[in-house]
Amino acid sequence: MPGRRPPRAGSAPSLSLPNGALAGTTPLGPLDHTDDFTVVGIGASAGGLDACRKLVAAMPAGQSMAFILVQHLDPTHESMMVDLLAAHTHMTVRQVVDGMPIERDHLYIIPPGTYLAVGHGALHLSTPEARHGARLPFDFLLLSLAEQYGRRAVCVILSGTGADGSQGLKAIKAKGGFVIAQKPDEAGFDGMPLSAIATGAVDLVSPVAEIPAALIEHDRRAAPLVSQDAATPGQQSPDWLPGIIDFLRANTAHDFRHYKQGTLRRRIERRMALHGHGIGAIDRYLEVLRSDKDELELLATDLLINVTSFFRDAAVFDLLAKSIVPELVRNQPPDQPLRIWVPGCSTGEEAYSLAILFKEAMTTAQRNLKLQVFASDVDPDAIASARSGLYPGKIEADVASGRLAHFFTKEENGYRVSSDMRAAVTFTVQDVLADPPFSRLDLVSCRNLLIYLDLEAQAKVFALFHFALRDGGLLVLGSAESINQTDGRFEVVAKPERIYRRIGGTRAGAIGFSIGPSDGMRLPVRQVQSRGPSRQAALAEVCRRTVLDAYAPAAVLINRRHECLYSLGPTDHYLRVAPGHPTHDLLAMAHDDLHIKLRIAIQQAIQGNTRIVVAGGKISRDGNPVSFNIDVRPLVSDGEDLLLVCFADAQVLATTPSLPVVPGSITRVAELEQELAATRTELQGAIRNLDYSNEEHRAINEEASSINEEYQSTNEELLTSKEELQSLNEELTALNAQLQETLERQRTTANDLQNVLYSTDIATLFLDRNLNIRF
């Protein structure tokens with residue numbers, strides 16, 4: 001489990017929302033419920049009026065649930081939703097007024113042009129600061145609903161365009177709530193249901209007519225779990241939880257032993273309730289896990305909840321942008337890269353957010369430093385999503401327009417992080433508690449991961465971070481996390497923002513890494529006594545080292561970019577430290593007379609994917625000339641194409657000293673050496689010309705990229721206009737549905753009046769104020 005980003009702790013109004021929707025409002029703390037009943041948040045947009053009408057009409061009477069409808073409405077027109085829905089349901093239908101209490105068997109409707117949140121058993125309204133831009137009122141409601149009602153919160157997403165609700169439903173899922181999406185084929189507009197389903201956090205996809213039955217069944221199953229939580233707070237069962245954890249550890253790639261048991265218990269009980277098993281039916285649920293691999297994966301996914309966003313917690317990122325990051329950039333030596341680590345990166349939003357801050361700071365300081373951002377997570381699917389760098393259009397609410405234009409590319413399905421930014425961030429699958437960390441780091445950002453680990457695991461992670469950071473490196477934690485400063489490892493930099501600086505030396509034995517299989521099935525970490533090597537092992541090591549030193553040729557393992565990964569033997573005879581900035585480029589490290597042969601051998605080995613041996617190399621060793629061959633052999637390791645470059649002494653036939661030297665042979669050798677020198681000069685010139693051509697191609701490519709950016713900017717403006725028109729179309733569609741309903745009522749009233757007049761047989765005249773006959 002460690003390595004995955006858990007949901008952000010904190011009250012809903014402090015979350016990042018569009019247009020400053022809660023500016024000036026008071027944060028709402030968690031509620032101690034006196035009336036414990038289910039609250040259902042319903043989100044809809046275009047085509048949602050008809051779907052919502054069918055939903056409430058099919059809901060049986062006498063259900064102890066409250067419903068809150070968030071329909072995208074035109075803020076400049078009065079809503080008629082109360083009148084349109086009241087005739088189709090037995091529930092009391094009300095338009096929300098600020099401070100209105102939440103009651104059972106009521107349907108509450110959001111007023112136009114407002115944001116709605118719940119807190120302390122009441123409904124609270126706020127007004128967005130700006131009229132234009134992405135409006136996500138349903139996300140706003142769901143975030144507070146999850147925080148206030150937990151297991152008793154339910155999210156229902158109906159017909160509509162856009163992605164409103166896709167972020168908030170993750171919070172509902174994280175708190176043990178229930179998420180339902182209307183079947184996209186049935187919806188008038190499938191944008192909102194499809195976006196919700198794409199998050200992977202939807203529990204049920206259903207036609208509208210079947211949603212009421214699902215709500216009633218969920219309410220029935222959730223009631224015992226909530227009652228148990230209220231009756232035995234904080235207690236943990238010692239019986240069934242270890243069995244589930246051991247089963248997950250044996251059959252999945254995740255080890256949950258150091259995860260807080262209270263959180264594990266709530267989420268496992270939720271999965272059991274969805275299968276209709278009570279707390280006492282753990283044996284039956286284990287049988288389900290053994291026979292149903294899909295349920296096993298769903299359970300593991302539920303325990304690894306993915307909730308993150310760009311620039312989450314504005315106060316923290318404001319401080320980082322204003323002082324912390326500029327100071328790191330300003331004080332960094334030019335020959336050292338800036339190294340950042342984001343453990344538990346989830347789908348990558350926070351890693352890219354930090355990379356953006358550092359890129360902006362380097363531009364402001366006019367420093368061309370190398371930036372290396374390492375982002376790790378235990379979930380391969382989340383890492384794959386992060387590597388793609390594609391995010392939905394709703395990130396406009398979290399990322400400033402200038403950053404969107406500079407660091408992102410607008411695509412049909414959202415925004416993709418630019419190629420330069422993706423190149424600066426390296427994503428990898430890693431378990432914080434089981435795998436070795438990165439090292440020589442300048443900053444580690446681990447926010448809201450440790451609160452889900454027990455104290456033993458937290459202590460190990462803090463020791464690991466202390467080891468990984470440089471002296472003076474910074475550690476950023478989540479709002480509910482802190483460090484025990486009595487151990488002298490870290491000092492406070494900014495306490496409210498939870499930023500700490502590394503001090504003190506690394507303690508011997510403070511951390512340990514388990515070495516085991518890397519295929520995703522991790523072995524348990526066991527504490528074993530340290531044993532010295534046996535005599536046989538020591539002798540074998542002496543023998544191995546002696547043979548390698550005496551007989552093994554100099555060898556270098558490189559990748560396809562010519563970067564040295566590992567060396568063996570006397571490589572100093574053939575390679576040197578290249579002048580200028582430190583580099584691992586093999587060609588830059590090769591001696592001048594070796595450079596051409598080495599390049600040719602590597603190119604031929606790559607093109608033919610076969611072993612290549614190039615003879616004719618000469619070096620001076622102990623004052624004597626020595627001939628050698630360059631042997632390049634392609635290799636594959638963990639799917640990566642590598643090359644092993646060996647410098648092997650050539651087999652030279654022994655010559656008889658008494659043989660006379662023919663003068664003509666000396667002349668021929670001189671001629672061959674002259675021809676070789678001329679060929680070498682021509683080859684060097686050709687290589688220089690090739691380098692010049694490459695530079696010209698790069699310049700042309702930069703010009704093409706510049707033109708492409710201009711076209712992209714124009715395209716973004718067109719897409720923005722399209723989105724505004726689409727939003728206006730949604731509002732007009734909802735308004736048209738209301739008008740159609742009103743018109744139908746007027747027709748009915750007119751027919752009733754006409755029938756009354758015709759049936760009375762009384763002559764009747766209708767006059768206006770000027771006594772003119774109207775009818």
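The values are calculated or read from the model by the stated rules, or taken from the named source; none is laboratory data. Everything quoted here is computed from the prediction, not taken from an experiment. Cβ coordinates were reconstructed from backbone atoms using ideal geometry, including for glycine residues, and neighbour counts include every protein chain displayed. Just so you know, the surface numbers come from the protein's heavy atoms only, side chains and all, with ligands and any DNA or RNA stripped out. Shrake-Rupley method; radii C 1.70, N 1.55, O 1.52, S 1.80 Å.
Could you list, in sequence order, the residues of the stretch 104-122 that are β-branched (Val, Ile, Thr), more than 14 Å from Ala153 (Cα to Cα) and open to solvent by less than 20 Å² (accessible area, probe 1.4 Å)?
Ile109, Ile110
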May I ask you to list pairs of residues, at least six apart or on different chains, whose Cβ atoms are under 8 Å apart, with the first in the stretch 49-73 being part of a helix (DSSP H, G or I) and the second being among the hydroxyl-bearing types (Ser, Thr, Tyr) and open to solvent by 10 Å² or more (accessible area, probe 1.4 Å)? Val56/Thr89; Ala57/Thr89
Subset of the stretch 555-583 (residues that are of a type outside the set (A, V, I, L, M, F, W, C) and within 21 Å of Phe628 (Cβ to Cβ)): His562, Tyr566, Ser567, Gly569, Pro570, Thr571, Asp572, His573, Tyr574, Arg576
Among the residues of the stretch 341-350, is any more than 23 Å from Thr199 (Cβ to Cβ), buried (at least 18 other Cβ atoms within 10 Å of the Cβ) and touching a residue at least 24 places away in the same chain (Cβ under 8 Å)? yes
Quick check on the stretch 550-572. Is at least one of its residues more than 38 Å from the chain's Cα centre (by Cα), under 21 Å from Leu690 (Cβ atoms) and surrounded by 15 or more Cβ atoms within 10 Å (Cβ to Cβ)? no
Selected residue (only one of Ser665, Ser658 is in a helix (DSSP H, G or I), surrounded by fewer than 10 Cβ atoms within 10 Å (Cβ to Cβ) and at pLDDT below 70): Ser665
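Here's the yes/no breakdown for (1) farther than 26 Å from Gly162 by Cβ; (2) at pLDDT below 90; (3) of a type outside the set (Gly, Ala, Ser); (4) touching a Lys or Arg at 6+ places or on another chain (Cβ under 8 Å):
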| position | (1), (2), (3), (4) |
| --- | --- |
| Ala46 | no, yes, no, no |
| Ala58 | no, yes, no, no |
| Ser64 | yes, yes, no, yes |
| Leu85 | no, yes, yes, yes |
| Val97 | yes, no, yes, no |
| His106 | yes, no, yes, yes |
| Ile110 | no, no, yes, no |
Could you list, in sequence order, the residues of the stretch 387-408 that are touching a Gly at 6+ places or on another chain (Cβ under 8 Å) and open to solvent by 60 Å² or more (accessible area, probe 1.4 Å)? Arg387
Would you confirm, using the coordinates I've provided, whether Val373 is over 19 Å from the mean Cα position of the chain (by Cα) and closer than 28 Å to Ala397 by Cα? no
Considering only residues that are within 29 Å of Pro128 (Cα to Cα), surrounded by fewer than 20 Cβ atoms within 10 Å (Cβ to Cβ) and among the small types (Gly, Ala, Ser), which ones fall in the stretch 41-90? Ala86
Condition (residue is more than 30 Å from Gln336 (Cβ to Cβ) and touching a residue at least 60 places away in the same chain (Cβ under 8 Å)) applied to the stretch 558-577: is it met by at least one residue? no
In the set Val645, Val636, Val613, which member is of a type outside the set (D, E, K, R), under 47 Å from the mean Cα position of the chain (by Cα), crowded, with 18+ Cβ neighbours inside 10 Å and part of a strand (DSSP E or B)? Val645
Tally, over the stretch 757-775, of residues that are open to solvent by 80 Å² or more (accessible area, probe 1.4 Å) and either in a helix (DSSP H, G or I) or not aromatic (Phe, Trp, Tyr) (or both): 13
Just give me the residues in the stretch 160-183 being closer than 21 Å to Tyr391 by Cβ, open to solvent by 10 Å² or more (accessible area, probe 1.4 Å), assigned to a loop (DSSP other than H, G, I, E, B) and not hydroxyl-bearing (Ser, Thr, Tyr), in sequence order. Gly162, Ala163, Gln167
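Hey, which of the strands (runs of 3 or more DSSP E) in the stretch 409-479, taking only ones fully inside, have at least 1 residues that are open to solvent by less than 10 Å² (accessible area, probe 1.4 Å), over 27 Å from Pro326 (Cα atoms) and not hydrophobic (A, V, I, L, M, F, W, C)? Can you show your working first?
On the way: elements: 414-417, 425-429, 441-446, 469-477.
Because the criterion is at least 1 residues that are open to solvent by less than 10 Å² (accessible area, probe 1.4 Å), over 27 Å from Pro326 (Cα atoms) and not hydrophobic (A, V, I, L, M, F, W, C), the strands (runs of 3 or more DSSP E) in the stretch 409-479 that meet it are 414-417.
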When you scan the stretch 586-596, do you find a residue that is modelled with pLDDT under 85, open to solvent by 40 Å² or more (accessible area, probe 1.4 Å) and either assigned to a strand (DSSP E or B) or of a type in the set (S, T, N, Q) (or both), even just one? no
Single residue of the stretch 372-386 satisfying the filter (modelled with pLDDT of 90 or more and either aromatic (Phe, Trp, Tyr) or surrounded by fewer than 20 Cβ atoms within 10 Å (Cβ to Cβ) (or both)) that is farthest from Phe438 (Cα to Cα): Gln372
Consider only pairs whose beta carbons are under 6 Å apart and that are at least six residues apart or on different chains; among these, list those whose first residue lies in the stretch 123-144 and is within 16 Å of Ala196 (Cα to Cα) and modelled with pLDDT under 85 and whose second residue is open to solvent by less than 20 Å² (accessible area, probe 1.4 Å) and in a loop (DSSP other than H, G, I, E, B). Leu136/Asp164
Inside the stretch 678-692, can you point out the residues that are under 15 Å from Asp592 (Cα atoms), at pLDDT below 70 and open to solvent by less than 70 Å² (accessible area, probe 1.4 Å)? Gly685
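Do any helices (runs of 4 or more DSSP H) entirely within the stretch 189-265 hold 3 or more residues that are at pLDDT below 75 and open to solvent by less than 50 Å² (accessible area, probe 1.4 Å), and if so, which?
Values: elements: 191-198, 211-231, 241-251.
The qualifying helices (runs of 4 or more DSSP H) are 211-231, 241-251.
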Can you find a residue that is out of contact with any Phe, Trp or Tyr (no Cβ under 8 Å at 6 or more places or on another chain), open to solvent by 20 Å² or more (accessible area, probe 1.4 Å) and on the phi > 0 side of the Ramachandran plot anywhere in the stretch 144-151? no
